[in-house]
Amino acid sequence: MKSPDKKTLLEMFATMNKIREFETKLQEFFAAGKIPGFVHLYLGEEAVATGACAALDTTDSITSTHRGHGHCLAKGGDLRRMMAEIYGRRTGYCKGKGGSMHIADFDLGILGANGIVGAGGPLACGSAFAQKYKKTDRVTVCFFGDGASNQGTTQESLNLASAWKLPLVFVNENNGYGISCPQCKSMAVTDIADRAAAYDMPGVVVDGNDVLAVYEAVTEAVKRARRGEGPSLVECKTYRWRGHFEGDACTYRCVEELNDWLAKDPIPRFATKLVEAGIASQDELEAISVGIKADVEAAVAYAEASPYPDAAELLDDVYA
Amino acid sequence: MANKTYLQALNEAMRQEMERDENVFILGEDVGQFGGCFGVTKGLFDRFGEARVIDTPITESVIVGTAAGAAASGLRPIAELMFVDFIGVALDQLFNQAAKMRFMFGGKAKVPMTLRMPQGAGVGAAAQHSQSLEAWFMHIPGLKVAIPATPHDAKGLLISAIRDDNPVVFLEHKMLYGLEGEVPDEPYTVPFGQADIKRVGTDVTVVATSLMVQSALAAAERLAAEGVSVEVVDPRTVLPLDMDTIIESVKKTHCLVVAHEAVGFAGPGAEIVAQVAEKALDYLDAPVKRVAAPFSPIPFTPPLEKAWIPSADDIVAAVKSIR
Ligand SMILES: Cc1ncc(C[n+]2csc(CCOP(=O)(O)OP(=O)(O)O)c2C)c(N)n1
């Protein structure tokens with residue numbers, strides 16, 4: 001496969017930084033009591049959403065999870081409307097009714113973050129089916145965790161997608177844990193990708209902290225899906241830096257493990273590659289992250305200045 | 001007798017029943033070392049070990065089904081789902097399997113399982129993590145449904161649930177976990193199907209469940225200051241439902257308000273009101289009132305969520321509208 005062009009590479013770098021900065025701010029504001037509800041951060045996993053979404057067109061779709069900020073940003077989500085939603089403001093993506101766990105932008109093919117673990121698979125089947133039915137060449141990516149891979153819904157979706165040769169790519173984000181439960185206690189296999197064999201679809205394992213590895217594997221799978229050859233399963237081995245949710249004391253895993261993974265930070269790794277390949281200088285990359293910091297600041301200011309919805313809006317949008 | 005929280009009362013009930021009966025075990029997501037999503041099973045893993053406090057994969061359907069199968073095979077499982085909303089994933093195992101097994105098989109099976117699930121809004125958890133779903137379970141013959149409102153009832157009802165030979169859906173309210181009250185140290189049971197008069201009054205009966213019991217008591221306090229005497233009746237289990245106590249109270253007060261956090265339309269209050277209409281219409285001096293959530297999913301943003309949850313103010317207003 002030929003490597004992505006310079007523009008794509010720099011966009012990927014920007015996206016990873018966007019997710020990092022957005023979530024670092026969320027971490028801070030949640031701790032300061034400014035954000036209600038649950039917040040599940042994606043810090044450390046930026047390469048997965050970024051690499052996978054870079055392999056998609058704007059017209060392709062994704063289904064997301066409870067840990068969805070990264071997916072949404074990588075698929076082109078607007079910083080301000082996301083921040084406003086997480087703040088519960090009327091200007092947010094869902095008019096403040098969804099919050100962190102339920103952000104969607106159907107115009108960008110973001111079919112919604114989801115509070116129900118494993119619910120994305122069936123929805124992704126429906127999305128992929130609709131494209132096949134309408135004879136477009138659009139593809140759907142279903143993001144799901146290692147924990148979610150054990151739900152019947154996920155296994156049923158893998159089966160259906162394969163039986164019906166749906167244009168679907170299952171992107172597994174294997175960060176080793178479902179809340180406190182390590183992978184070894186919840187399944188007998190080491191590689192979730194092995195399960196693809198049961199459904200007669202390709203299953204590959206990639207380094208989920210290497211954005212290019214994710215990009216390449218998902219690009220292959222997307223091509224296959226567009227050719228009408230059906231779904232694939234791409235397992236991305238990664239790690240979440242934070243607790244399951246903000247406020248989780250995270251006593252179930254050891255500091256050494258975390259430190260090992262912090263050392264594999266996907267962003268500086270990618271930066272080094274970009275510099276070594278002569279794509280950009282360290283200064284140019286620095287300028288990108290500084291610009292993003294300013295954009296995120298602006299999003300925060302926008303969210304904080306936005307009004308809450310009115311109680312009279314409670315019954316709006318229950319039905320079309 | 002010591003002051004304990006609702007959460008501690010539940011934890012103590014499980015610990016004491018596990019000490020008493022080795023067939024009792026716990027299964028669910030993160031119930032082990034982690035102690036459960038809200039901390040209700042904290043310490044039990046250390047006390048009883050991983051053979052009896054078992055972390056499962058994220059597979060609600062299998063959690064409920066494993067509990068049902070193990071119960072039918074002689075054990076007494078306590079299964080936990082992190083949020084009642086996740087029962088959607090496991091409904092068949094609960095509604096069609098656990099609930100019907102005994103009846104369908106002509107009384108051959110016993111399914112002594114307890115399914116603990118937190119429900120309720122108030123923590124900004126939005127539409128898929130905040131519902132109150134007791135009406136769903138009340139509609140299924142074969143289940144029992146406990147819905148404690150105080151620490152005392154939480155412990156006694158949970159012990160009854162564990163000892164019961166039927167599948168019991170045990171609904172905890174997230175906003176009650178921190179509530180303190182007097183709880184005896186020794187094991188005791190609160191019988192199913194026996195409502196509790198949480199406050200005696202003469203002018204209006206307010207039947208309230210779960211968190212709304214607290215709101216009804218607050219409303220009663222305020223109304224007392226205005227000279228209205230409110231009787232607060234807490235059914236404690238909505239299946240079986242102690243209509244006798246409710247009807248006795250209505251015969252005394254001649255006015256009825258029902259308060260619950262579940263959506264009003266086709267909610268648990270509809271059954272209570274219908275039975276009062278059937279059995280005690282002549283005793284009513286005013287129309288009945290329901291205080292319940294509006295017909296919408298639960299919004300995330302705090303001001304809307306607050307507006308969505310029925311409040312003590314709403315109960316005061318309902319009482320005043322018929323008094
Ligand atoms: C049906 C359902 N069961 C349980 C939960 C609670 N829950 C939320 S996230 C989570 C862990 C998910 O693990 P995984 O799929 O590996 O994703 P990760 O959090 O690691 O990104 C659990 C158990 C839920 N939201 N929905």
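Some values worked out for this structure:
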| item | result |
| --- | --- |
| Failed criterion for B:Gln131 (all others in (1) within 16 Å of the ligand (Cβ to nearest atom); (2) free of Cβ contacts under 8 Å to residues at least 60 places away in the same chain hold) | (2) |
| Candidates A:Asp295, A:Asp317 - the one that is open to solvent by less than 90 Å² (accessible area, probe 1.4 Å), in contact (Cβ under 8 Å) with a residue 12 or more places away in the chain and acidic (Asp, Glu) | A:Asp295 |
| Qualifying residue in the stretch B:102-121 (condition: free of Cβ contacts under 8 Å to residues at least 12 places away in the same chain, within 16 Å of the ligand (Cβ to nearest atom) and among the hydrophobic types (A, V, I, L, M, F, W, C)) | no |
| Residue ID - nearest to the ligand (Cβ to nearest atom), chosen from residues in the stretch A:105-118 that are open to solvent by less than 40 Å² (accessible area, probe 1.4 Å) and away from chain B (no Cβ under 14 Å) | A:Ile110 |
| Residue within the stretch A:178-194 that is part of a helix (DSSP H, G or I), touching a strand residue (DSSP E or B) at 6+ places or on another chain (Cβ under 6 Å) and more than 16 Å from the ligand (Cβ to nearest atom) present | no |
| Residues located in the stretch B:121-139, provided they are more than 13 Å from A:Asn114 (Cβ to Cβ) and in a loop (DSSP other than H, G, I, E, B) | B:Ala121, B:Gly122, B:Val123, B:Gly124, B:Ala125, B:Ser130, B:Gln131, B:Ser132, B:Leu133, B:His139 |
| Sole exception among (1) under 25 Å from A:Tyr252 (Cβ atoms); (2) touching a residue at least 40 places away in the same chain (Cβ under 8 Å) for B:Ile63, by number | (2) |
| Meets criteria (surrounded by fewer than 18 Cβ atoms within 10 Å (Cβ to Cβ), within 14 Å of chain B (Cβ to nearest Cβ) and modelled with pLDDT of 95 or more) for A:Asp310 | yes |
| Filtered residue count, the stretch B:36-52, keeping only those that are open to solvent by less than 10 Å² (accessible area, probe 1.4 Å) and within 14 Å of the ligand (Cβ to nearest atom) | 1 |
| One residue from A:Arg89, A:Arg81 being in a helix (DSSP H, G or I), more than 16 Å from the ligand (Cβ to nearest atom) and open to solvent by 20 Å² or more (accessible area, probe 1.4 Å) | A:Arg81 |
| Single match in A:Gly121, A:Gly126, A:Gly76 (criterion: more than 16 Å from the ligand (Cβ to nearest atom), more than 10 Å from every other protein chain (Cβ to nearest Cβ), of a type in the set (Gly, Ala, Ser) and in a helix (DSSP H, G or I)) | A:Gly126 |
| Odd one out for A:Leu43 among (1) surrounded by fewer than 24 Cβ atoms within 10 Å (Cβ to Cβ); (2) more than 12 Å from the chain's Cα centre (by Cα) | (2) |
| Residues located in the stretch A:129-157, provided they are away from chain B (no Cβ under 14 Å) and in a helix (DSSP H, G or I) | A:Phe129, A:Ala130, A:Gln131, A:Lys132, A:Tyr133 |
| Qualifying positions in the stretch B:126-154 - crowded, with 24+ Cβ neighbours inside 10 Å and within 14 Å of another protein chain (Cβ to nearest Cβ) | B:Ala126, B:His129, B:Ser130 |
| Any chance B:Ala98 is within 16 Å of the ligand (Cβ to nearest atom) and crowded, with 20+ Cβ neighbours inside 10 Å | no |
| Matching entry among B:Val64, B:Val31, B:Val84, B:Val89 (being open to solvent by less than 20 Å² (accessible area, probe 1.4 Å), touching a helix residue (DSSP H, G or I) at 6+ places or on another chain (Cβ under 6 Å) and among the β-branched types (Val, Ile, Thr)) | B:Val64 |
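The values are calculated or read from the model by the stated rules, or taken from the named source; none is laboratory data. Here the structure is a predicted model, which means the values were calculated and not measured. In this analysis, Cβ positions are derived from the backbone assuming ideal geometry, glycine residues included, and neighbour counts consider all displayed protein chains. Only protein heavy atoms, including side chains, enter the accessible area calculation; ligands, DNA and RNA are left aside. Shrake-Rupley method; radii C 1.70, N 1.55, O 1.52, S 1.80 Å.
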